[in-house]
1. Quick check on my filter: what residues within segment B:56-85 are in contact with a strand residue (DSSP E or B) (Cβ under 9 Å, 6 or more places away or on another chain), facing another protein chain (nearest Cβ under 7 Å) and hydrophobic (A, V, I, L, M, F, W, C)?
2. Restricting the search to segment B:219-231, which residues are at the interface with chain A (Cβ under 7 Å from one of its Cβ atoms) and under 16 Å from the mean Cα position of the chain (by Cα)?
3. Quick check on A:LYS207: is it among the charged types (D, E, K, R), touching a residue at least 60 places away in the same chain (Cβ under 8 Å) and away from chain B (no Cβ under 14 Å)?
4. Can you work out which of the residues in segment C:141-182 that are assigned to a loop (DSSP other than H, G, I, E, B) and either of a type in the set (A, V, I, L, M, F, W, C) or outside the structural domain of C:GLN126 (by TED's automatic domain parsing) (or both) is nearest to the chain's Cα centre (by Cα)?
5. How about segment A:210-238: which of its residues are within 14 Å of chain B (Cβ to nearest Cβ) and either assigned to a strand (DSSP E or B) or without any contact (Cβ under 8 Å) to a residue 60 or more places away in the chain (or both)?
6. Of the numbered conditions (1) in contact (Cβ under 8 Å) with a residue 24 or more places away in the chain; (2) under 24 Å from A:VAL120 (Cα atoms); (3) among the hydrophobic types (A, V, I, L, M, F, W, C), A:VAL262 satisfies every one except a single condition; which is it?
7. Looking only at segment B:201-218, count how many residues are free of Cβ contacts under 8 Å to residues at least 12 places away in the same chain and either at the interface with chain A (Cβ under 7 Å from one of its Cβ atoms) or hydrophobic (A, V, I, L, M, F, W, C) (or both).
8. Any chance you could count how many residues in segment C:136-168 are at the interface with chain B (Cβ under 9 Å from one of its Cβ atoms) and buried (at least 21 other Cβ atoms within 10 Å of the Cβ)?
Amino acid sequence: MAKSALLKSSLAKKYWMALTGLFLCLFLIGHLIGNLQLLATGENAALNFNKYALFMTTNPAVKLLSYLTYFSILFHAVDGIVLTVQNKKARPVGYVKNSPSSNTVWASRNMAVLGTLILVFIVTHMVNFWAVMHFDKNMPLQKVKIEVNGMEQELYLTTDGGYMPVAQVEQGNIEIKHRTEFYDANAHVKIKEGYKDLYKVTVDFFKHEKWGLIATILYVFAMFVLAFHLYHGFSSAFQSLGLNNPKYNSLIKNFGKAFSVVVPLLFASIPVFIHFILK
Amino acid sequence: MASKYINITLKIWRQKDAKSKGQIETYKLDNVSTSSSFLEMLDQLNEQLVGERKEPVAFDHDCREGICGMCSLYINGRAHGPDTKITTCQLHMRSFKDGDTIYVEPWRSKAFPVIKDLIVDRTAFDRIQQAGGFVSVNTSGRTMDANAIPVAKHDADRSFEAAACIGCGACVASCKNGSAMLFVGAKVSQYALLPQGKVEATQRVLNMVRQMDEEGFGNCTNTGACEVECPKGISLENIARMNREYLVASIK
Amino acid sequence: MKLDSKIPEGHISEKWTNYKDHLKLVAPNNRPKIDVIVVGTGLAGASAAASLGEMGYNVKAFCFQDSPRRAHSIAAQGGINAAKNYQNDGDSVYRLFYDTIKGGDYRAREANVHRLAEVSGNIIDQCVAQGVPFARDYGGLLDNRSFGGVQVQRTFYAAGQTGQQLLLGAYSALSRQIGLGRVQMYNRHEMLDIVKVDGKARGIIARNLLTGELERHSAHAVIIASGGYGNVYFLSTNAMGSNVTAAWKIHKKGAYFANPCYVQIHPTCIPVHGTNQSKLTLMSESLRNSGRIWVPKKKEDAEAIRAGKLKPTQIAEADRDYYLERRYPAFGNLVPRDVASRAAKERCDAGYGIEDNDTNEGVYLDFSSEIVSKGKQAAYAQGNHNPSDEEVIKLGKQWIEEKYGNLFQMYQKITDENPYETPMKIYPAVHYTMGGVWVDYNLQSTIPGCFVAGEANFSDHGANRLGASALMQGLADGYFVLPYTVSDYLANDIRTGKISTDLPEFAEAENSVKSQIDKFLSNNGSKSVDHFHKKLGHIMWNKVGMARNEQGLKEAIREIDELRKEFHNDVYVPGTANELNTELEKALRVADFMELGQLMAMDALQRKESAGGHFREEYQDSEGETLRDDENFSFVGAWEYQGDDINKETLHKEELNYEFIKIAARNYK
């Protein structure tokens, strides 16, 4: 009884929606903190960001969390679709005249639409960055130009804090293997490792001559959608889990509202900053 | 009291029986006193229809004082009409203006099939109640003394507020998902808040939710429409309490 | 037939216990072989069906509503009496018994009322165990309030929705039995006749209101708990569907109908607003604790108010007639229901009514004095000994809102007037019927095997019911009386076996119902059912209402007789028999109201005294108060049906013997 109840019943579906939703809210915070580094300017901005990106793609604990995130997104979406289909079935004949705005807020009625848009955004977003980072053979490595003996030289930055002259690679002395590793071409020994330049990918993406503006606008729009989704979703998750107490309700509601505004706003500020402000 | 008279146009759902396809019919009704209740206005329409040798509009109603829960009606897109915290029988025609067009439709839910015109079948609620909406105590009267177990006033009051539900189904009708969780949540809460009901709380919530799901009601997405349209102002807190009770019952 | 009330011997306090101990029983293994039908699912019906189902009988329960939870018991506001003496103010079973007898103007049966008082405490225990959320004090124990006509606090309540909570409690017990398969529930079914086999009640004919199908249901006993007949007046505080049909059908098959003239008129209802009005809404009696009832002293002021030229707040204090305070200085606005009702009628008849409706019937219930006095108290309590008028009014309104907020809001929703600013308008309305099917101590009617419970029977309230006693009686009958007495009857039926619905008696009953339905549908008259019902109500209200006299009653009997003929000739019922047909349902009910109305007038005519809810203008003292005639009328008047002509009904008298209570006059001055 209890087992099937936890999987199949209408209430259980709500629990899973709430739990995955709240977990994704946590993810948003983590993701945001990392991404905000893109707002930094100065010498080390790119390096710091790329270092962070490297950490995020290699640390085992982070890996585990990322799998949990993928799972949550999928589950949240699938569960949402199942719920929506069931809910549509619960009212086979609709009203000729209906006035839903007199008793509910818009966002709460459109979670499925908002969620679908967010899902589309997530897929696009992952194609744009995540897939590039993970799979693109042409993913650039971070380089710097430094004046050495009055001559400007291009160097790869390496994870040991050192450099690897680009010329060496071009001349064939050094091979790049596994996308980031510098190998002695003769000895077949790994010497150093470079940084994937996600910073550059990101900046190029939003500063793209043709698509930069459109990408920026679409990203900002996506954050609007996210804001509405969170506006209802955040406090709703608490209600679904039964965490409703008159003492704390207004706290949860207000925090949820603030969260739904602040987090997407900060996310949206990044492409805007890159496109319009970053030199 | 100073009553005015208004002329209105009614757009009413007519459906011969459960199997037939229904449609909206239009009726003109003149000289409706603004002191009349909405149902008295429908009485007036029916008198007019009977006078014209036409079949009157079938609608559910009984006590006409907002407590039996029999009247329903989706009026101009809202359960129990434009006013809040009242049932249709307490809605008065002064809420409308001369020349208004008023849409009147039955509750819409898979679990509340239309029987005729504006009448729907709400026995799903009865079956949910039969699945667990009670305390399993025999009716001998030989239980313990009523004052043997004190109940905190706060709990007793919350329990009463939940128990004030009249089972009209406005929550289901106004929920975009056709969900019955406010109804079930209220019943679960009434008993969960009292020591007499706590004993079988686990089984109760599991059984009532199972029956609710079987009846074909939708899921709650916390839009809160039910709370706004509930004529007795039953709080969403009761749904949260049911969620809590069910979670605990599921992992027990 | 001689009426045998079967009241047991012995001292009043031991009658029920001794009697119960000697009733016959049906063994648990035999109970599933026995069928019982319960008609009506209000407090009496639901509790009876639940209890009998729980004992193991096969129960079939019927209600005309879409769910048993909607029965009109649900609308009771105030509370339920029980002799628990939790408040330590000297209450006891005897006092509850005594108050009920006295409140009933010494026209109720002592033994029944004492039994009611005895089991009252169990009702509260039972309901609490079932999860009924009664009001509690801060210590967590049950709270009580006091009610009209008594000097103790014995009324248990759940805000202003006690009836609802108790009914939902009984409904939950019933639901449990339905879920367990011991009770079969027939919603949207209306009983249209009883079936007698060899003189015993053996089943009913019920119409499925959804399909129109006539169904035969057999049983070894039939319990009628179908409520009161207040809707004979068309306008009443009853639900729209409340009807006398089940009770009247058994009357026509041999059950005597007792004291039909005893009708309770509740003084504080919202007045009629117009011809399309369908029902009257009660405002709780508790309002009379704080409101003062008045009409203008000058007729021209009343006329100006009705014409909308004057507002009640513009009438000077000296020009107001607080007629209850004037006539009954000792009890003032808190006189019993019947007294307050008649006084309002007297003023309106004299031309002082303030409501702008056809009959000008309405008086003021004014809270302004209370607002000022409570406001002052509140200001003092806050340490403000010199409050401004504004402060006083503000605090006073707060006090009122705390106490009566719900009621004030309800009034405003209905009338669109703000009772904090302008006095409420009220007028008496038909509320409860004390009369009903005659039953003996076992609650069995004169048809063997046909039991009658709750408001449908006549047994416990005499000529006037006290507030908060109706709920008590319904649950007492269903939970604690019928399970014993019905079992005693059924003990003879353990070998009977299933009753066949193919018996000719079933066919005959079904055919007669069918022909009545066909008659209505083929009548092709010119007027609607409501047209006739309203006319009947008009006659009843004017001539068999709050005050009656010989001439009016004689006219009423003749007029109703004529109206009845006209009804059957000229009513138009649309639709067919085999579908949901609300007009047909109404026609069948009104047909019975017509006959009952006539009998009520006849009963009122024969009762040449004034008692409780029955006021004969010829029988009043010099100050206009009721004058009982204990020598000649201390009896229950039980009528026996004699065929189509209601005038031929014969009266049987059950003498009321008061062994344990000394009869006295009621005096409220």
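1. Passing the criteria: only B:ALA58.
2. If the condition is that a residue be at the interface with chain A (Cβ under 7 Å from one of its Cβ atoms) and under 16 Å from the mean Cα position of the chain (by Cα), then B:GLY224, B:ALA225, B:VAL228, B:GLU229 are the ones that fit.
3. Spelling it out, A:LYS207 is indeed among the charged types (D, E, K, R), touching a residue at least 60 places away in the same chain (Cβ under 8 Å) and away from chain B (no Cβ under 14 Å).
4. C:PHE147
5. Listed by number, the list holds a single entry, A:SER235.
6. Result: A:VAL262 passes all but (1).
7. Filtering segment B:201-218 for residues free of Cβ contacts under 8 Å to residues at least 12 places away in the same chain gives B:213-214.
Within this subset, residues satisfying the condition of being either at the interface with chain A (Cβ under 7 Å from one of its Cβ atoms) or hydrophobic (A, V, I, L, M, F, W, C) (or both) are B:213.
Selection size over segment B:201-218: 1.
8. 9
The values are calculated or read from the model by the stated rules, or taken from the named source; none is laboratory data. Because the structure is a prediction, the values reported are computed rather than measured. In this analysis, Cβ positions are derived from the backbone assuming ideal geometry, glycine residues included, and neighbour counts consider all displayed protein chains.
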